[in-house]
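> Starting off with a structure, shown below.
The values are calculated or read from the model by the stated rules, or taken from the named source; none is laboratory data. Just so you know, these numbers come straight off a predicted model, no measurement behind them. Cβ atoms come from the backbone with ideal geometry, glycine included; neighbour counts cover every protein chain shown. Quick note on the areas: whole protein, heavy atoms, side chains included, nothing else; ligands and nucleic acids left out. Shrake-Rupley method; radii C 1.70, N 1.55, O 1.52, S 1.80 Å.
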Amino acid sequence: MTLAFIPPTRTGIEPGAVRTDLPRINQMSESVFGPKGHGVHTAFLETTQGLRDLGYQVGTNERWRDGILHVHTLGPWPLYRLRTHRGPKVVSAHVTADSLRGSLRGSTVFRKPIEGYLRYFYGCADHVVAVSEAAKAELLEGGVRTPISVIPNGIDRRAFARSADSRGLARADLRVGADEFVVLTVGQVQPRKGVETFLEVARALPHVTFVWVGSVLFGALASSRGQLEAQMRSAPPNVRFVGQLDREQVAQWYLAADVFTSTARQETFGLVALEAAAASLPIVLRDITVFRELFGADGALFPSDAAGFAEAVESLRLDPKARATAATNAEQLAHTYGAEVVAQSAADLYRSVLGAPALVRARR
């Protein structure tokens, strides 16, 4: 069964009321105990809080063997829980074999074993949630046969709301000049994120300030760590790599920036672009399938190379009206992906899994 992402069921439950239409829900992610500067951890937090806001009883990394288990990471502990859980089991497929390539050392050499592990892991669930149609296609190509639904990640728009003085206050806190034109990227520093393209664009526009929020995660396991650190050291003077920050500080950078870009060559979703949209930033994204799916024709600009990025950024810098239009388009799209909307879609999926005939037979 595949569920398209459509407006979820509206139940009319009053805020603060306790929902009884689902058993308790255990949201599970190993990111709680490890590096947190990535989209999987953010998606886990947003889904958990969104379900709680809807009134459901939600735990995180509990040892419950009843209720609904919803897993977000792929390590041995979640696998054990999937094998031993007695209730419905859902896995969010934030990771595909392609997303690991250019993220972790050895992911290309060991691609076949990785694909085999992913097939087995996702096969232990009753249902898999793909965060985009592009991710679903990768899962099917990789041999995943568990039923797959597409439910995108969601964002809490309140965390990035812009006010009349928020830009100035954020810039003062971050020591950004009032007249600086700031282009922002948020994400891990990885080969697949297009670091070399980001630096090439910065060199083409020396009068623009380029900021990258994020760092090289996963220590010695990180792909091309030495090369990436060398690129960061040789960055031109108009580039700031500010490292890993907590969510509140990241939100400040969204408020301080003028344009958001992502030069990534591969993504399963692209949650940071939605956060930037919620902060009313014009969006410039590499022309890849998942970004087109997420932002449509009007929600962003889609260059395909460094020259295209430089042209798009400069055109936005020189045309305040175009910048305002692009910001409005992005902000309107962000409302579609509110955490409360996505959480309700997840709840609708849980109900469908509870009624699935295969699940009923397994529980007997």
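> State whether one or more residues within the stretch 346-355 are over 20 Å from Arg158 (Cα atoms), open to solvent by 10 Å² or more (accessible area, probe 1.4 Å) and modelled with pLDDT under 90.
Checked the stretch 346-355: at least one residue is over 20 Å from Arg158 (Cα atoms), open to solvent by 10 Å² or more (accessible area, probe 1.4 Å) and modelled with pLDDT under 90.
> Moving to a separate point now. Which residues, counting only those in the stretch 39-60, are surrounded by 17 or more Cβ atoms within 10 Å (Cβ to Cβ) and over 16 Å from Gly154 (Cβ atoms)?
Gly55
> Could you tell me which residue of the stretch 252-277 is nearest to Phe302 (Cα to Cα), considering only residues that are open to solvent by less than 10 Å² (accessible area, probe 1.4 Å) and in a helix (DSSP H, G or I)?
Ala273
> Exactly one condition in (1) modelled with pLDDT under 90; (2) surrounded by fewer than 17 Cβ atoms within 10 Å (Cβ to Cβ) is false for Thr325; which is it?
The one condition Thr325 does not meet is (1).
> Continuing with this model, one more query. Quick one: is Ser92 modelled with pLDDT under 90 and buried (at least 16 other Cβ atoms within 10 Å of the Cβ)? Spell out the reasoning first.
Details: modelled with pLDDT under 90: no; buried (at least 16 other Cβ atoms within 10 Å of the Cβ): yes.
No, not satisfied.
> Follow-up. Looking at the stretch 295-314, can you tell me whether even one residue there is open to solvent by 40 Å² or more (accessible area, probe 1.4 Å), within 22 Å of Arg192 (Cβ to Cβ) and in a strand (DSSP E or B)?
Yes; the residues of the stretch 295-314 include at least one that is open to solvent by 40 Å² or more (accessible area, probe 1.4 Å), within 22 Å of Arg192 (Cβ to Cβ) and in a strand (DSSP E or B).
> Same structure again: Limited to the stretch 61-89, what total is found for residues that are open to solvent by less than 10 Å² (accessible area, probe 1.4 Å) and in a strand (DSSP E or B)?
Here the count works out to 4.
> Here's a check for you: in the stretch 162-207, which residue that is within 28 Å of Gln332 (Cβ to Cβ) and touching a Lys or Arg at 6+ places or on another chain (Cβ under 7 Å) is surrounded by the fewest Cβ atoms within 10 Å (Cβ to Cβ)?
Ala178
> A further question on this structure: Please verify whether Ala339 is of a type outside the set (Phe, Trp, Tyr), surrounded by 14 or more Cβ atoms within 10 Å (Cβ to Cβ) and within 17 Å of the chain's Cα centre (by Cα), treating the condition exactly as stated. Before you say what the answer is, go through the steps one by one.
On the way: of a type outside the set (Phe, Trp, Tyr): yes; surrounded by 14 or more Cβ atoms within 10 Å (Cβ to Cβ): yes; within 17 Å of the chain's Cα centre (by Cα): yes.
Against the criterion (of a type outside the set (Phe, Trp, Tyr), surrounded by 14 or more Cβ atoms within 10 Å (Cβ to Cβ) and within 17 Å of the chain's Cα centre (by Cα)), Ala339 qualifies.
Yes/no per residue for (1) closer than 22 Å to Gly123 by Cβ; (2) under 17 Å from the mean Cα position of the chain (by Cα); (3) of a type outside the set (A, V, I, L, M, F, W, C); (4) modelled with pLDDT of 85 or more:
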| site | (1), (2), (3), (4) |
| --- | --- |
| Pro8 | no, no, yes, no |
| Pro23 | no, no, yes, yes |
| Asn26 | yes, no, yes, yes |
| Ser29 | yes, yes, yes, yes |
| Gly37 | no, yes, yes, no |
| His41 | no, yes, yes, yes |
| Phe44 | yes, yes, no, yes |
| Leu54 | no, no, no, yes |
| Val71 | yes, yes, no, yes |
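> Could you grab me the full set of residues in the stretch 115-137 that are within 18 Å of His72 (Cα to Cα) and open to solvent by 40 Å² or more (accessible area, probe 1.4 Å)?
Tyr117, Arg119, Tyr120, Gly123, Asp126, Glu133
> Given Gly243, Gly226, Gly214, which one is modelled with pLDDT under 95, crowded, with 20+ Cβ neighbours inside 10 Å and over 23 Å from Thr336 (Cβ atoms)?
Sole residue among the options that is modelled with pLDDT under 95, crowded, with 20+ Cβ neighbours inside 10 Å and over 23 Å from Thr336 (Cβ atoms): Gly214.
> On the basis of being within 16 Å of Val186 (Cβ to Cβ) and either of a type outside the set (Ser, Thr, Tyr) or open to solvent by less than 10 Å² (accessible area, probe 1.4 Å) (or both), does Ile288 make the cut?
no
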